[in-house]
Every structure is written in C-alpha cells, then in structure tokens.
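Take a look at the structure below.
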Amino acid sequence: MPMLQSPGGQVILASSSTGAGDWYRVHPKLGKLTFQVTQTGTSVGTTIGSTTVIEASNDGVNALATVLGTIAIAGDDVKADGFAVDAHWEFVRAKINSVQAATA
C-alpha cells in the first residue's frame, strides 16, 4: 500500500476518467495535510471541468460517509484549487466524481 510520508508534494491520483484512486497510508507524524487538484485541457480552446473529492478512512477499506473536501473546477486551460486538513486520518484517497470537456 502506498504511503504519504513526506511533507512535500506527492501525486495520489492522475486520471482522465471518473473513479477512486488507491488508498494512501498517512505517516503517523504527518498531521496537517493539503490537497490540490490540477486539471489541464488537452487541446487549445477546450473548456474543461471536474469535481474531485478527497476521502478518508481509518481502516483503508471503508471510506467515511463525509468526505474531507470537494474541489470543483471549471474553465479554460490549466486550473487548480485545493484545501487543507488539520487532522490525522490513517488513510486518504482521491476520487474523481465527474470530468467534462468541450471544444469551442
């Protein structure tokens, strides 16, 4: 099982389709976590959008009913947004709920 163990950036999901990524065990010494979603269009003039959630779990099997956060992004070119969590969870994962793309 992959592990988040550094305070530096780490990609936990890179995908162009919906679905959940792998669970990542969070190192016990990491408390505050930040999450960033970046979306990129694949061609000039493309309008893109996505909704991603970050899920947490203490067993790495069952996601909590309440997500840690939701990031919804829409627009042209590269867009990014994120949030911070000041709590320790044993496991986290990213889940893409929707992806939209339309060429103008």
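The values are calculated or read from the model by the stated rules, or taken from the named source; none is laboratory data. Just so we're clear, the structure is a prediction, and the values are computed from it rather than from any experiment. Cβ sites come from the backbone with ideal geometry, for glycine too, and all protein chains shown count toward neighbours. Calculation scope for accessible area: heavy atoms of the full protein, side chains included, ligands and nucleic acids excluded. Shrake-Rupley method; radii C 1.70, N 1.55, O 1.52, S 1.80 Å.
When the accessible area of the chain is split by element with a 1.4 Å probe, what percent falls to carbon and sulfur?
Its accessible area is 51 percent carbon and sulfur atoms.
Can you order the peptides 56-64, 33-41 by their average number of other Cβ atoms within 10 Å per residue, highest first?
Highest mean packing first, the order is 33-41, 56-64.
Need one value: the accessible area of Lys79 in square angstrom, 1.4 angstrom probe, rounded to the nearest 10.
Surface open to solvent at Lys79 totals about 80 Å².
For a distance above 22 Å, tell me the whole-number percent of Cα pairs in the chain that qualify.
The share of Cα pairs beyond 22 Å in the chain comes to 31 percent.
What dipole magnitude, in Debye to the nearest 20, does the chain give about its Cα centre under +1 on Lys/Arg Cβ and -1 on Asp/Glu Cβ?
140
Cα to Cα, under 30 Å, and not fewer than 8 places away if on the same chain: which lysines meet these conditions relative to Lys79?
Lys32, Lys95
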